[in-house]
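Novice: There's a structure below that I have some questions on.
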């Protein structure tokens, strides 16, 4: 049964609404002021809240503001009741996250139509969320075993050879095998880490409190971090040292967790190195514009079509049949989601067989 909470300080109006909704077989609860309304909302977690705007002590705007900051009540559809509905009032409520308005006096049909509309929209939103989570689960279920197999086969095969032929192998051969095993293990570790991070990012959209905690932190000395990450990536591509060109503006301090800034750089730099040829330049540039910090990474590699760029979202692997480099192809998606969740923007400009420009914007 659908539960509706009515927060209204006028007893006659509150009772009329409760009677109408009770006749329609909704389960209803009433609160005579904002303070009690907030308390009831957090206790019963209703499917919809109807709240008067003008109330003593705590008005409707404050009620909405409090409920939107609570993870348990943040997504509950919220309908304001008001005797006035100026453009300013509407904008103020909508900016706080209200879903609809009912202007007093209203008819029975207007009340029921508004409630029905909001409940249906909420049900559709929840269904889409569930479908997205199911699609994510299906992608992980189908992709993970296949992607795990390659590095695992390397680890198992090489270690088996060591076990069987160790006595007949010289030191250099053993060292080479151990390095290959270590490389496969690192790939496997990154694979699992990226899958778990990807799943986290997809779910965080629907958990505001966890999202706030997840993205908490600041980053200092952006240039130092960029230079460090470039050196780290070049350890795997020593023949590309001359290809990387840094054009860094002054150091910046950003309201962005350092570990995630490093993760973004790791994935984007690895893609630029992996999908471009030795001898082609990779330019990393930073600058400030309109109170935003900008980072651009340009390569002259294989590029992507506009269709592939548009399909970023649910797990995509770019040209897996043609390009068999290790990795899931999740790096770009993870970078995009991290930037978006922090209020920034990631744009991709790419031309097949000519190269790609990744543009990042972070609020300063």
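The values are calculated or read from the model by the stated rules, or taken from the named source; none is laboratory data. Bear in mind that the values here come from a model prediction, so they are computed numbers and not experimental data. Every residue, glycine as well, gets a Cβ built from its backbone with ideal geometry; the counts of neighbours run over all protein chains shown.
Novice: Spot the failing condition for residue 277; the list is (1) surrounded by 16 or more Cβ atoms within 10 Å (Cβ to Cβ); (2) at pLDDT 90 or above; (3) out of contact with any helix residue (DSSP H, G or I) (no Cβ under 7 Å at 6 or more places or on another chain), and only one is missed.
Specialist: Status for residue 277: all satisfied but (1).
Novice: Residues to consider are 259, 270, 288, 266; find the one that is under 26 Å from the mean Cα position of the chain (by Cα), assigned by TED's automatic domain parsing to the domain that holds residue 332, part of a helix (DSSP H, G or I) and loosely packed, with under 13 Cβ neighbours inside 10 Å. So that I can check it myself, show each step before the final result.
Specialist: Details: 270 fails: loosely packed, with under 13 Cβ neighbours inside 10 Å; 288 fails: part of a helix (DSSP H, G or I); 266 fails: loosely packed, with under 13 Cβ neighbours inside 10 Å.
Every option except 259 fails the conditions.
Novice: Is it the case, given these coordinates, that residue 295 is closer than 19 Å to residue 356 by Cα and either in a loop (DSSP other than H, G, I, E, B) or touching a strand residue (DSSP E or B) at 6+ places or on another chain (Cβ under 8 Å) (or both)?
Specialist: Working: closer than 19 Å to residue 356 by Cα: yes; either in a loop (DSSP other than H, G, I, E, B) or touching a strand residue (DSSP E or B) at 6+ places or on another chain (Cβ under 8 Å) (or both): yes.
Yes, satisfied.
Novice: While we're here: Which residue out of 94, 156 is outside the structural domain of residue 76 (by TED's automatic domain parsing) and either part of a helix (DSSP H, G or I) or at pLDDT below 85 (or both)?
Specialist: Working: 94 fails: outside the structural domain of residue 76 (by TED's automatic domain parsing).
Among 94, 156, only 156 is outside the structural domain of residue 76 (by TED's automatic domain parsing) and either part of a helix (DSSP H, G or I) or at pLDDT below 85 (or both).
Novice: I want to confirm something. Restricting to the stretch 346-356 and keeping residues that are surrounded by 15 or more Cβ atoms within 10 Å (Cβ to Cβ) and farther than 13 Å from residue 308 by Cα, which single residue is farthest from the chain's Cα centre (by Cα)? Outline the logic, then answer.
Specialist: Just the residues of the stretch 346-356 that are surrounded by 15 or more Cβ atoms within 10 Å (Cβ to Cβ), to begin with: 346, 348-350, 355-356.
Okay, now just the ones that are also farther than 13 Å from residue 308 by Cα, so 346, 355.
Details: 346: 12, 355: 26 Å.
Result: 355.
Novice: For the stretch 319-341: of the residues being in a loop (DSSP other than H, G, I, E, B) and buried (at least 17 other Cβ atoms within 10 Å of the Cβ), which is modelled with the highest pLDDT?
Specialist: To start, the set of residues in the stretch 319-341 that are in a loop (DSSP other than H, G, I, E, B) comprises 319-330.
Now restrict to residues that are buried (at least 17 other Cβ atoms within 10 Å of the Cβ): 327-330.
Values: 327: 41, 328: 38, 329: 59, 330: 75.
Looking at residues that are in a loop (DSSP other than H, G, I, E, B) and buried (at least 17 other Cβ atoms within 10 Å of the Cβ), I get 330.
Novice: Residues in the stretch 175-194 that are in contact with a helix residue (DSSP H, G or I) (Cβ under 7 Å, 6 or more places away or on another chain) and without any contact (Cβ under 8 Å) to a residue 40 or more places away in the chain: how many?
Specialist: Keep residues of the stretch 175-194 that are in contact with a helix residue (DSSP H, G or I) (Cβ under 7 Å, 6 or more places away or on another chain), which gives 177, 180-181, 184-185, 187-188, 191, 194.
Going one step further and asking which of them are without any contact (Cβ under 8 Å) to a residue 40 or more places away in the chain, we end up with 177, 180-181, 184-185.
Matching residues across the stretch 175-194 total 5.
Novice: Among the residues of the stretch 238-256, which ones are more than 26 Å from the chain's Cα centre (by Cα) and crowded, with 17+ Cβ neighbours inside 10 Å?
Specialist: Pass one, the stretch 238-256, residues more than 26 Å from the chain's Cα centre (by Cα): 238-251.
The answer is 240, 243, 244.
Yes/no matrix, rows are residues, columns are (1) over 12 Å from residue 8 (Cβ atoms); (2) in contact with a strand residue (DSSP E or B) (Cβ under 7 Å, 6 or more places away or on another chain); (3) surrounded by fewer than 19 Cβ atoms within 10 Å (Cβ to Cβ):
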residue	(1), (2), (3)
18	no, yes, yes
30	no, yes, no
38	yes, no, no
48	yes, yes, no
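Novice: Give all pairs with beta carbons closer than 6 Å in which a residue from the stretch 1-30 that is free of Cβ contacts under 8 Å to residues at least 24 places away in the same chain meets a residue that is surrounded by 16 or more Cβ atoms within 10 Å (Cβ to Cβ) and not in a strand (DSSP E or B); count only pairs at least 6 apart in sequence or on separate chains.
Specialist: 14/8
Novice: Do we find that residue 136 is surrounded by 11 or more Cβ atoms within 10 Å (Cβ to Cβ) and modelled with pLDDT under 75 in this structure? Steps first, please.
Specialist: On the way: surrounded by 11 or more Cβ atoms within 10 Å (Cβ to Cβ): yes; modelled with pLDDT under 75: yes.
Here the answer is yes, as residue 136 does meet what is asked.
Novice: If you don't mind, there's one more thing I want to ask. Answer yes if at least one residue in the stretch 59-75 is under 25 Å from residue 108 (Cβ atoms), touching a helix residue (DSSP H, G or I) at 6+ places or on another chain (Cβ under 6 Å), at pLDDT 90 or above and not in a helix (DSSP H, G or I), and no otherwise.
Specialist: no
Novice: Check whether at least one residue in the stretch 23-35 is touching a helix residue (DSSP H, G or I) at 6+ places or on another chain (Cβ under 8 Å), farther than 20 Å from residue 103 by Cα and either assigned to a strand (DSSP E or B) or at pLDDT 95 or above (or both), and report yes or no.
Specialist: Yes, the stretch 23-35 has at least one match.
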